[in-house]
Amino acid sequence: MEYKIILNNTNNKKPIAFFDSGVGGLTVFEKVKKLLPDENYLYFGDTKNMPYGEKTEEQLLEFADKIFKFFESKNVKAVVMACNTTSAITYEKLKNNYNFKIYPIIQSVCSTLAGLDGVKKLGVIATPATINSHSYSAEIAKYNPKMQIFELAAPNWVRIVEEHRITQPQSIIQIKEILDIMSEFKPDKIVLACTHYPYLINVLKKFMPEETFIDPSVSFAKNIKEDLTKSGMLNDKFEYEKFYVSSNPENFKTASALFYTLNELPEIVNL
Ligand code: DGL
């Protein structure tokens, strides 16, 4: 009798879903897609409710739960929380409520940050909600309690990206103001702890060497690949990717262009 080894069952074909308040999560998505080109993908940008960093815990829990339920209806195999703010505020409360794997960015990357060679002082720039949660300091302290962390909120940076005002003089002033405060702490490295911030790298590197800035999505993408591989969940043939937003699809397509070229406008869904 002949046996056939089934390499790819139907569960493996299910998409990996990503979400963020807008285009920020694409900085994670494009790295995962490069590492795992055979996967199917969904992406939701909650542009109607952006910026998440200025929302309350109650609001963020409501948004995240609706998005998880939307992805549940799409039969996904995993959801990537490509958003620091929701990882900080909602992950612990919601993580056991759904039937797919959930990858939160902060909880995934802090062991790597805690072990960075020669880094004694680490700056963390993030949204007000992420900074007020102190999630980065708390997670890093689990692995390296001696590392000194200086957390700083950059309230305007997300809007600068979403409203594609990156090169405007007023934006450059606002970006520099935050870096000036951060430099007083004399950090060895600075974590761009909001997925929107890597869009600002061309401005940031005018004021500090590019190597100072750490984009945590690099180690996040590697960790996601490693876990899906270990769990035997990989797909072997790309079939589709699909983008959704809660408002303003044209704006999303324009703002995302630095990281990912969308072939068509994202579909609007009202959750
Ligand atoms: N990009 C998200 C983050 O990483 C959310 C930014 C926002 O909407 O405030 O925190």
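The values are calculated or read from the model by the stated rules, or taken from the named source; none is laboratory data. Predicted model, so just to flag it, every value in this text is computed and none were measured. Neighbour counts are summed over all protein chains in view; Cβ atoms, including those assigned to glycine, are modelled from backbone coordinates with ideal geometry. Areas reflect the complete protein model, heavy atoms only, side chains present, ligands, DNA and RNA absent. Shrake-Rupley method; radii C 1.70, N 1.55, O 1.52, S 1.80 Å.
Considering (1) free of Cβ contacts under 8 Å to residues at least 40 places away in the same chain; (2) within 13 Å of Val191 (Cβ to Cβ); (3) not aliphatic (A, V, I, L, M), say which one Asn97 fails and leave the rest.
Answer for Asn97: the failing condition is (2).
Looking at Ile149, Ile131, which is the one that is open to solvent by 10 Å² or more (accessible area, probe 1.4 Å), closer than 28 Å to Phe252 by Cα and not polar (S, T, N, Q)?
Going through Ile149, Ile131 in turn, the sole match is Ile131.
Sort out which residues of the stretch 64-85 are in contact (Cβ under 8 Å) with a residue 60 or more places away in the chain, out of contact with any Gly (no Cβ under 9 Å at 6 or more places or on another chain) and open to solvent by less than 30 Å² (accessible area, probe 1.4 Å), and write them in order of number.
Ile67, Phe70, Val76, Lys77, Ala78, Val79
For the stretch 108-128, name all the residues that are farther than 19 Å from Gln174 by Cα and open to solvent by less than 40 Å² (accessible area, probe 1.4 Å).
Correct list: Ser108, Val109, Cys110, Leu113, Ala114, Val119, Leu122.
Going through Asn202, Asn235, Asn248 one at a time, which residue ends up being in contact with a helix residue (DSSP H, G or I) (Cβ under 6 Å, 6 or more places away or on another chain), at pLDDT 95 or above and open to solvent by 70 Å² or more (accessible area, probe 1.4 Å)?
The unique qualifying residue is Asn248.
What number goes with the only condition from (1) open to solvent by less than 20 Å² (accessible area, probe 1.4 Å); (2) in contact with a helix residue (DSSP H, G or I) (Cβ under 7 Å, 6 or more places away or on another chain); (3) not in a loop (DSSP other than H, G, I, E, B) that Val23 does not pass?
Going through the list (1) open to solvent by less than 20 Å² (accessible area, probe 1.4 Å); (2) in contact with a helix residue (DSSP H, G or I) (Cβ under 7 Å, 6 or more places away or on another chain); (3) not in a loop (DSSP other than H, G, I, E, B), Val23 breaks only (3).
I'd like to know if the stretch 156-163 contains one or more residues that are in contact (Cβ under 8 Å) with a residue 12 or more places away in the chain and over 27 Å from Glu57 (Cβ atoms).
No, the stretch 156-163 has no match at all.
From the list Val80, Val28, pick out the single residue that is in contact with a strand residue (DSSP E or B) (Cβ under 8 Å, 6 or more places away or on another chain), within 16 Å of the ligand (Cβ to nearest atom), part of a helix (DSSP H, G or I) and of a type in the set (Val, Ile, Thr).
Every option except Val28 fails the conditions.
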